[in-house]
1. When residues of the range 4-21 are filtered for being on the phi < 0 side of the Ramachandran plot and in a loop (DSSP other than H, G, I, E, B), how many remain?
2. Kindly establish whether Ala3 is among the hydrophobic types (A, V, I, L, M, F, W, C) and surrounded by 15 or more Cβ atoms within 10 Å (Cβ to Cβ).
3. With respect to Asp15, determine if the residue is acidic (Asp, Glu), under 17 Å from Asn93 (Cα atoms) and at pLDDT below 90.
4. Considering only the range 77-110, how many residues are at pLDDT below 75, surrounded by 11 or more Cβ atoms within 10 Å (Cβ to Cβ) and either part of a loop (DSSP other than H, G, I, E, B) or of a type in the set (Val, Ile, Thr) (or both)?
5. Which of the residues belonging to the range 46-71 are outside any helix (DSSP H, G or I), out of contact with any Pro (no Cβ under 9 Å at 6 or more places or on another chain) and over 26 Å from Trp86 (Cβ atoms)?
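The values are calculated or read from the model by the stated rules, or taken from the named source; none is laboratory data. Only a predicted model underlies this, so the values are computations on that prediction, with no experimental measurement involved. Here the Cβ positions follow ideal geometry from the backbone for every residue, glycine too, while neighbour counts run over all protein chains shown.
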Amino acid sequence: MRAPAAEGAKVIIADLLDGTALADKITATGGSAIALTIDITDAASVQSMVDATLSRFCKIDILINDAALFANLGHNRFEDIADDEWNAVMDGNMARSSISPRPRRSKARQ
C-alpha cells in the first residue's frame, strides 16, 4: 500500500489485525492513511469501515479486497483440519470476502 500512497492515494488499511504501524509509515513519508480494525465475516463491521472511509475521504475510488483467514492456522495435514476450522476459513476466504463491495456500492449511490 505504500506505492499507491506515494502516488497520492488516500489509503485505508482495514484488517482484523492492527494496521497502525503501516498507516504510520505511510503518513510519516507524507502519505495519507488510517488503520481500521474490521472483521470481514461481519457485515456491520464492513459497513463501519465503509462509513469511516466515506466520512474521512468522502469517496472510495479503488477497493482492493485481499481478505484471507490464515494467520492463526496451524500447519496441519489436509485430512487433519477440524471441520470448524475448515468452515471458518472457507466462510472468511470465499463467502464473506465478497460482502465488502456491497455496502460501498449502496452508500455511493445515495
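1. So the first thing to find is which residues in the range 4-21 are on the phi < 0 side of the Ramachandran plot, and the list is 4-7, 9-21.
Then drop every residue that is not in a loop (DSSP other than H, G, I, E, B), which leaves 7, 9, 16-19.
The number of residues fulfilling the criteria is 6.
2. Values: among the hydrophobic types (A, V, I, L, M, F, W, C): yes; surrounded by 15 or more Cβ atoms within 10 Å (Cβ to Cβ): no.
Judged against the criteria, Ala3 is not a match.
3. Values: acidic (Asp, Glu): yes; under 17 Å from Asn93 (Cα atoms): yes; at pLDDT below 90: yes.
Yes; evaluated as a whole, the condition is true for this residue.
4. Counting residues in the range 77-110 that are at pLDDT below 75, surrounded by 11 or more Cβ atoms within 10 Å (Cβ to Cβ) and either part of a loop (DSSP other than H, G, I, E, B) or of a type in the set (Val, Ile, Thr) (or both) gives 2.
5. At the first step, the residues of the range 46-71 found to be outside any helix (DSSP H, G or I) are 58-71.
Adding the requirement that they be out of contact with any Pro (no Cβ under 9 Å at 6 or more places or on another chain) leaves 58-61, 66-71.
Within the range 46-71, Cys58, Lys59, Ile60, Asp61 meet the criteria.
Yes/no matrix, rows are residues, columns are (1) more than 16 Å from Phe57 (Cβ to Cβ); (2) outside any loop (DSSP other than H, G, I, E, B); (3) modelled with pLDDT of 90 or more:
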site: Ala23; (1), (2), (3): no, yes, yes
site: Ala33; (1), (2), (3): no, yes, yes
site: Asp39; (1), (2), (3): yes, no, no
site: Ala44; (1), (2), (3): yes, yes, no
